[in-house]
Amino acid sequence: MMVKTSIETMECENISHSVTLVPRLGYSAHLLSEIIDFITKKLDDLKQSNCELVLFFDDTDKNHVSAIELERVLTFSSDVLLHIKKRIASVSGLSSIPDILPSSIPMIRTVSAQLFSVIPNCSQRLSELSVHLGSIVLDSAALTKARFDFSQSNNDASIFLDEVKLMVDSKLNKQYPNVDFFKLCDA
């Protein structure tokens, strides 16, 4: 069965689809900001309670180890999500979305997985965010006829996540000089 479609109808559909991306991207940015604010608050509270660990860390005390590991996870999550927030803010038009956002989705999923047992509600909201951004990326690619290499997006995300992990480990090494992080990683 053939469907009659005119060029004017197709252009109008493309315009209406692109217009719907703006509120979805705005909602995604708002959701991400709320998640970042929540994680930042948790991280600030945790840093306050971990102050004593700077001098009195006991690697045989599971509470001490858990507190440091939680700080590592929250710091990592915060740093990654702040980077993604900057990426979303740098979107300048429909054609920039397929270039800027695809690698953000695996990053969000990684953070969500790390927060799953620590802050389940943030993990769930990050899953929602990855679905929203994924649909925005796919819709923008369809509208702009862009193509992406999911393997390359995953590779870019993996490289960035490894860099953030190194920066976080370095930051925590300076903050807690009495903690042997190599020993913690092996535990």
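The values are calculated or read from the model by the stated rules, or taken from the named source; none is laboratory data. Just so you know, these numbers come straight off a predicted model, no measurement behind them. Counting neighbours? That spans all protein chains shown, and the Cβs are built from the backbone with ideal geometry, glycine included. Ligands, DNA and RNA are stripped out before the accessible areas are found, and what is left, the full protein with its side chains, is counted by its heavy atoms. Shrake-Rupley method; radii C 1.70, N 1.55, O 1.52, S 1.80 Å.
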Here are labelled values, (1) 1.06; (2) 1.28; (3) 1.33, and one is the computed Cα Rg over 2.2 N^0.38 Å for what I pasted. Which one? (2)
Out of THR60, THR40, THR75, a Gaussian network model of the chain with alpha-carbon springs under 10 Å gives the largest mean-square fluctuation to THR60
So, with points 7 Å from each Cα along the Cβ direction, the THR20-GLN175 label distance in nm works out to 4.2
Assuming 0.36 nm per residue, please report the length gained on full extension of the stretch GLN124 to SER92 beyond their Cα-Cα distance. 8.7 nm
When the chain is treated as a GNM, springs tying every alpha-carbon pair under 10 Å, which of SER77, SER158, SER103 comes out with the largest mean-square fluctuation? SER158
Name the residue, out of ALA29, ALA157, ALA142, whose mean-square fluctuation peaks in a Gaussian network model built on the chain with Cα pairs under 10 Å. ALA142
Heavy-atom accessible surface of the range 50-187: percent carbon and sulfur, 1.4 Å: 56
The distance between the Cα centres of the range 133-182 and the range 61-103, in whole Å, is 7
Distance (nanometres) between label positions extended 7 Å along Cα→Cβ at ASP156 and ALA142: 2.2
Where ARG109, ARG87 fall by accessible area, highest first, once all protein chains stay in place (1.4 Å): ARG109, ARG87
I need the calculated FRET efficiency for the pair SER33 and PHE116, taking r as the beta carbon distance and R₀ as 25 Å, to the nearest 0.05. 0.75
